[in-house]
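These notes are about the structure you will find just below.
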Amino acid sequence: MSRFRKLSLTLAVLAVPVLADTAAERSGETAFHDPKIEHAPGDGIVRLYGAGGPHTAFRSVAKVWTERTGTEVKVVAGPEADWTAEAQSQADILWGTSEQSMTAFLLTYTAFDPDNVEPIYIRPTIIAVAKGNPLGIESFEDLLGEGVRIVVTEGAGVYNTSGTGTWEDVAGRLGRLEDIAGLRANIQSFALGSGAGYAEISEGRADAWITWPNWPLTKEDLEMIELAPERTIWRDVNIVLSPRADLEAQAFLDFLVSEEAQEIMATEGWER
C-alpha cells in the first residue's frame, strides 16, 4: 500500500469521531461529561435519573417508600440532554434501560463506578398497536404484510435509548435474513427515543411499534401484542449508586427490589 493510501485511511479514521461529535452536538440529544460540574448529591433528597420507561413504576414505588419513611425521592426521566447537567451534579442513582444504555451513561457520569452497576429488573420486547388494533396484528409475521407501517426506536448514534437494535434482534432471532429485510422494508420511522416512537402511533403515522410492555400498560390509546417466545428478546433495567450518595439512597434501592416493590413493578411489565 502506498504511503499516500495509508495516510488517507488514517485521516479518514481520525475524522469519524470528530464528525460524529459535531452531528451529535447539533442534534441536541447527546450528553457529555462536563469537568466543571462538581458531583455533590448529598442534600437529603434521593435523586434518580434515567431514560423514560421505568420512571412511572419507579415513582409508584417511591411514593410508597416516601409515605413510609418521610424521605423525598425525586425521579427524573426523559431525554438525557434535558437532565444531564443536573444529574452530573446531584444524582444519587442512575438507571439504565439496558446494559448498552448504562455503558453509555458511564462515559458521561464519571463519578459512578461501573463495577457497582446492578441489573434489577427485566422485560420482554412486545408489539404496541393503536387501541382497537385496526389491522388485527397478532404476531411478528403480520408486521411483514404489505402496507404495514412500522416504527422502531433507534439511537442513530446520537441518542442513548434502550430500544436501539431491538427490532433487528427480534427480526433476526430465527436466523432468516429475509425477516430482517422484510421488516426493514415496512419501517416508516426510526424514532429517536421511546417518546418519539409513541408519538408515531398515537398521532396515527404508524400501525405498530416494537417496544416494551410499560408503554401500552400505561397509555390508554395503546394495546399490547405479545411476541412468540422464539421471537422475544429481553433487556434489563439496571442501577448504579453514587459513592457520594445520600445515606437514604441505599435504603431506597433495597426497597426497590423488595417483594412489595416487585408487585408494583410487575404492574408495568417488569420482572425479577
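Overview of values
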item	result
Residue list for the stretch 42-79, filter: of a type in the set (Gly, Ala, Ser) and either closer than 21 Å to Glu263 by Cα or outside the structural domain of Ala245 (by TED's automatic domain parsing) (or both)	Gly52, Gly53, Ala57, Ser60, Ala62
Given (1) touching a strand residue (DSSP E or B) at 6+ places or on another chain (Cβ under 8 Å); (2) over 15 Å from Thr267 (Cα atoms), number of the condition Leu247 does not satisfy	(1)
Among (1) assigned to a helix (DSSP H, G or I); (2) in contact with a Ser or Thr (Cβ under 7 Å, 6 or more places away or on another chain) - the single one Glu141 does not satisfy	(2)
Residue tally, condition of a type in the set (S, T, N, Q) and in contact with a Gly (Cβ under 6 Å, 6 or more places away or on another chain), over the stretch 114-167	3
Residue among Ser60, Ser89, Ser98 that alone is in contact (Cβ under 8 Å) with a residue 60 or more places away in the chain and surrounded by fewer than 19 Cβ atoms within 10 Å (Cβ to Cβ)	Ser60
Members of the stretch 150-179 that are over 19 Å from Ile126 (Cβ atoms) and either touching a helix residue (DSSP H, G or I) at 6+ places or on another chain (Cβ under 8 Å) or outside the structural domain of Glu220 (by TED's automatic domain parsing) (or both)	Gly157, Val158, Tyr159, Asn160
Any hit, the stretch 186-208, residues being under 24 Å from Ile120 (Cα atoms), in a strand (DSSP E or B) and either of a type in the set (Asp, Glu) or in the same structural domain as Pro134 (by TED's automatic domain parsing) (or both)	no
Flag if Ile187 is free of Cβ contacts under 8 Å to residues at least 24 places away in the same chain, closer than 26 Å to Thr103 by Cβ and hydrophobic (A, V, I, L, M, F, W, C)	no
Single condition Gly147 does not satisfy, out of (1) surrounded by 14 or more Cβ atoms within 10 Å (Cβ to Cβ); (2) over 21 Å from Arg123 (Cα atoms)	(1)
Selection count where residues are part of a loop (DSSP other than H, G, I, E, B) and either surrounded by fewer than 17 Cβ atoms within 10 Å (Cβ to Cβ) or more than 16 Å from the chain's Cα centre (by Cα) (or both), scope the stretch 118-138	8
Meets criteria (assigned to a strand (DSSP E or B) and either at pLDDT below 95 or within 22 Å of Met265 (Cα to Cα) (or both)) for Val75	yes
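Each row is one residue, and each column tells you yes or no for (1) over 19 Å from Ile137 (Cα atoms); (2) among the basic types (Lys, Arg); (3) surrounded by 19 or more Cβ atoms within 10 Å (Cβ to Cβ).
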position	(1), (2), (3)
Asp179	no, no, yes
Leu183	no, no, yes
Asp207	no, no, yes
Ile210	no, no, yes
Leu217	no, no, no
Asp221	no, no, no
Glu230	no, no, no
Ile239	yes, no, yes
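The values are calculated or read from the model by the stated rules, or taken from the named source; none is laboratory data. Since this is a predicted model, take the numbers as computed values, not measurements. Cβ coordinates were reconstructed from backbone atoms using ideal geometry, including for glycine residues, and neighbour counts include every protein chain displayed.
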